[in-house]
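Everything on this sheet refers to the single structure shown next.
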Amino acid sequence: MRLVLAEDHALLRAGMTQLLESNGFTVLHAVADGDALAEVLRDPDADAAVVDVRLPPSQTDEGLRAAIAVRAQRPGFPVMVISQYVEHLYARELLASGEGGVGYLLKDRVSDVAEFVDGVRRVAAGGTVLDPEVVAAIMARRRERPLDRLTPREREVLALMAEGRSNAAIAGHLVVTEKAVAKHINGIFSKLDLPPADDDHRRVRAVLAWLHL
Amino acid sequence: MSEPSRLRLTGYAAAHLLLGVVALALAILTVVGGVLMVVWVGGLLLVVAVPATRLVADAHRRMAADVLGLDVPRPYRPVPRQPLAALVAVARDPMSWRDLGWLVWACTFGWVVALLCVLELLAVLTWPLWWVAVRPTMQLRSHVDLWFLASSRTEKLERRVQVLTETRAEAVDHAAGELRRLERDLHDGPQARLVALSMSLGLAEQALADPAGDPARARRLVTDARATTSAAIGELRAVVRGIHPPVLADRGLAGAVEALALDMAVPVHVEVDLPGRPPAPVESALYLGVAECLANVGKHAGAAAATIALHHVGGRLRVVVTDDGVGGADPDAGTGMLGIRRRLASFDGTMAVSSPPGGPTEIVLEVPCDLSWPRTTRSSAPG
C-alpha cells in the first residue's frame, strides 16, 4: 500500500517512515508542511495518507484542513489523522462527509506499533478508527436520544467499534464470545435503523450515527 | 441619542427652579452644619445635608447629561459605614466641596438662567425668543452644572491610575501563581515519569548486557518504559491544555467555544457573529471564562440546555452564556467566578451575573477590544 505522510518534526517523520515501511507500506512522499501536502495529495498513485494536524506554515490545523479538502475532491480517500491532542470537534468535521476511511488518533498511540499499523490498514479499507479519548468524550454526553434504545452492553460494543476494533478484539476486551459480539452488533444495526449493506459499511454507518447525534 | 425637545428643556428649567430653592436650603444647612462642627451638633445637620445634596446633585447630573447627550458617571468616592470615618471620607472627597460650590451657583445665577427659560415660555409674546434661545441657554446651564458636578480630568486620571495599579498587581500575582503551578505540575508529573523511564531503560540495559541475564525481564522493563512514556505524554498534554488550549490556537475563540460546547453533557447552542479575531490574550481570557461558566452549568445548574452567544458591538466583545437551570448562582461565592472577573479586569472587561432562584441564569462577559483579520461570519447548529 502506498502512503503519503505529513509530519513537520524531522525526527518523527523519519521514525514514522521507518515504522510504516518496515510494516509493509510504501511511503511515496514524506512532507513537512501544508503546501507540500496539498501538492502530493494530488498524486493518483497514493492509496491513503497519514497526516499530522498541526503543520507549518500556520502551525494551526493545516493538516486537518488538507485532509478534509482532499476528501471533498476524492470522496472516501482514506486519511489517518494524528495529533498531540484530540478534539471531539475535529473528529466530527472529519466524518461530516458521511464517508468512512477516517482515522483520528493521538500521536503517542504510535508506540503500540502493531495496533497503529492495524489501524492504518482498517482506515485504508474504509473503516473508522477513533482514539479512545474521543470515544470517551462522546460517551460522556448523555443526549444521544436514538442511542437510548441501546443496552449498556451494546453501547460498549459501539464505542469499541468506533475505536476501529475487530469483532475478535471486542470479544477479547469484553471477555465474551465472538458470537455474542456479532449478536450485539446486529442489535445495534437494527435499533439504529441502518439499511442492509455489507457488514463493514454498516459498521461505519453505526459509528457515524453515534458521532453525529 | 436624540436631542431633547424644547419643551423638555423648559421642563428641566422648571425643575431647576424648584430644586434651586432646595439647593439654597441645603447650602445654608451645610454651611451652618460645618460651622457648628466645633460643638459636634453640626455633625447631625451634615448627616442630613450631605446625602440630600448628593441626591439633588444626582438629579442635576442626569438632567445635564441628557441635555448635552453625554454619559456622566457618579463621581463620589465610596463612603465607609463607620460614622466618623464616613465624615472624614466625605470631607476629603473633593467632590463634596464642589457640590457645595454648585449649591451656591444653583440657587443664584443658575437659578436666574432657568427662570429666563421658563419666563420666555410663559410670557406668550416672547415665544420666538424662547424658540431660539432655550436650547443654547439650557446647554450653557448644563455645562456649568457639569463643570461643578462631573469629575475633572485629573480626578478621572487618578481613578484610572488606581484601577490600573490594582489590576496590574492582580495580573502579576496571577501570572506568578500560574508559573508556580506550572512548575509543580511539570515537576510532579512528566519530570518524575522521565526519571522512572530512564531508570527502567537503565535496568533493561543491564539485563541485556549480562550474559546470564533474563531476556524476559529486559522485555518487561521495556514494556514498563513504554507505559511510562505514554503516561508522561498524557500529563504533558494536560499541562499544555492548561496553559493554552491547542484548539484555541488553531481555531480562535469561535472554534474553541464550539469545541467546548460539543463536550458538554447537555446540548449547548453556539451563536457566533464575529467579523474578525480579538487579540490573543483577550481570546484566552474569554475562553477560560466561558469554560468556567460551562463547568458551572454542568456541575450546579441542573440545566437541560444552554446557549453561548458571541458578538462584537460598539467596540466591545460580548459573550453571553445562558442556561435554563435552577439559578441562584452567586458570582462572589466561588474562586472560579472571581478568577474570571480578575482575568477580565486586566483588559477593562466586566462580568455581570443574573441568576434569580429558579433560573434562568445569564452571565455576560464583556471586553472592550478591536478585531483583526477579517473573516467570514460563522454560525453553527446545536452542538
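Scan (1) surrounded by 18 or more Cβ atoms within 10 Å (Cβ to Cβ); (2) under 29 Å from B:ALA231 (Cβ atoms); (3) away from chain B (no Cβ under 14 Å) for the single condition A:ASP108 breaks and write down its number.
Going through (1) surrounded by 18 or more Cβ atoms within 10 Å (Cβ to Cβ); (2) under 29 Å from B:ALA231 (Cβ atoms); (3) away from chain B (no Cβ under 14 Å) one by one, A:ASP108 breaks only (3).
Give the residues of region B:264-276 that are within 12 Å of another protein chain (Cβ to nearest Cβ) and either closer than 19 Å to B:LEU317 by Cα or surrounded by fewer than 18 Cβ atoms within 10 Å (Cβ to Cβ) (or both), sorted by residue number.
From region B:264-276, those within 12 Å of another protein chain (Cβ to nearest Cβ) are B:264-268, B:270; that's our starting set.
Within region B:264-276, B:ALA265, B:PRO267, B:VAL270 qualify.
From (1) part of a helix (DSSP H, G or I); (2) exposed (fewer than 14 other Cβ atoms within 10 Å of the Cβ); (3) not hydroxyl-bearing (Ser, Thr, Tyr), pick out the condition that doesn't hold for B:VAL134.
Condition not satisfied by B:VAL134: (2).
If you take the residues in region B:173-230 that are closer than 21 Å to A:ASP108 by Cβ and among the charged types (D, E, K, R), which one is nearest to the other protein chains (Cβ to nearest Cβ)?
B:ARG226
Kindly establish whether B:VAL50 is assigned by TED's automatic domain parsing to the domain that holds B:VAL31, buried (at least 19 other Cβ atoms within 10 Å of the Cβ), under 33 Å from the mean Cα position of the chain (by Cα) and hydrophobic (A, V, I, L, M, F, W, C).
yes
Just one of A:ALA114, A:ALA91 is in a helix (DSSP H, G or I), within 12 Å of another protein chain (Cβ to nearest Cβ) and not charged (D, E, K, R); which is it?
A:ALA91
Among the numbered criteria (1) part of a helix (DSSP H, G or I); (2) of a type outside the set (Asp, Glu); (3) over 43 Å from the mean Cα position of the chain (by Cα), which one does B:PRO211 miss?
(1)
Looking at (1) assigned to a helix (DSSP H, G or I); (2) modelled with pLDDT under 90; (3) small (Gly, Ala, Ser), can you tell me which one B:ALA169 breaks?
Among (1) assigned to a helix (DSSP H, G or I); (2) modelled with pLDDT under 90; (3) small (Gly, Ala, Ser), the lone unmet condition for B:ALA169 is (2).
So for region A:136-157 (the condition being under 19 Å from A:ASP52 (Cα atoms), away from chain B (no Cβ under 14 Å) and surrounded by 14 or more Cβ atoms within 10 Å (Cβ to Cβ)), does at least one residue qualify?
No - not one qualifying residue is present in region A:136-157.
Six or more apart or on different chains, Cβ atoms under 6 Å: show the pairs whose first residue is in region B:175-200 and in the same structural domain as B:ARG342 (by TED's automatic domain parsing) and whose second is surrounded by 13 or more Cβ atoms within 10 Å (Cβ to Cβ) and at pLDDT below 90.
As it stands, the answer is none, since no pair meets every condition given.
Answer with yes or no whether B:ARG237 is among the basic types (Lys, Arg), over 26 Å from the mean Cα position of the chain (by Cα), outside the structural domain of B:VAL313 (by TED's automatic domain parsing) and buried (at least 18 other Cβ atoms within 10 Å of the Cβ).
Working: among the basic types (Lys, Arg): yes; over 26 Å from the mean Cα position of the chain (by Cα): yes; outside the structural domain of B:VAL313 (by TED's automatic domain parsing): yes; buried (at least 18 other Cβ atoms within 10 Å of the Cβ): yes.
Spelling it out, B:ARG237 is indeed among the basic types (Lys, Arg), over 26 Å from the mean Cα position of the chain (by Cα), outside the structural domain of B:VAL313 (by TED's automatic domain parsing) and buried (at least 18 other Cβ atoms within 10 Å of the Cβ).
Please state which of the following conditions A:ALA180 fails to meet, knowing it meets all the rest: (1) at pLDDT 80 or above; (2) part of a helix (DSSP H, G or I); (3) closer than 30 Å to B:PRO267 by Cα.
Checking A:ALA180 against (1) at pLDDT 80 or above; (2) part of a helix (DSSP H, G or I); (3) closer than 30 Å to B:PRO267 by Cα, the one that fails is (3).
Kindly check whether there is at least one residue in region A:70-80 that is closer than 29 Å to A:ALA169 by Cβ, within 14 Å of chain B (Cβ to nearest Cβ), under 19 Å from the mean Cα position of the chain (by Cα) and touching a residue at least 40 places away in the same chain (Cβ under 8 Å).
no
Here are B:ALA309, B:ALA381: which of them is modelled with pLDDT of 85 or more, over 17 Å from the mean Cα position of the chain (by Cα) and within 21 Å of B:PRO275 (Cβ to Cβ)?
So the residue among B:ALA309, B:ALA381 that is modelled with pLDDT of 85 or more, over 17 Å from the mean Cα position of the chain (by Cα) and within 21 Å of B:PRO275 (Cβ to Cβ) is B:ALA309.
Quickly run through region B:342-376 and pick out the residues that are surrounded by 19 or more Cβ atoms within 10 Å (Cβ to Cβ), of a type in the set (D, E, K, R) and modelled with pLDDT under 90.
Across region B:342-376, the qualifying residue is only B:ARG343.
The values are calculated or read from the model by the stated rules, or taken from the named source; none is laboratory data. Please read these numbers as outputs of a predicted model, since none were measured by experiment. Heads up, the Cβs are rebuilt from the backbone with ideal geometry, glycines too, and the neighbour counts pull from every protein chain shown.
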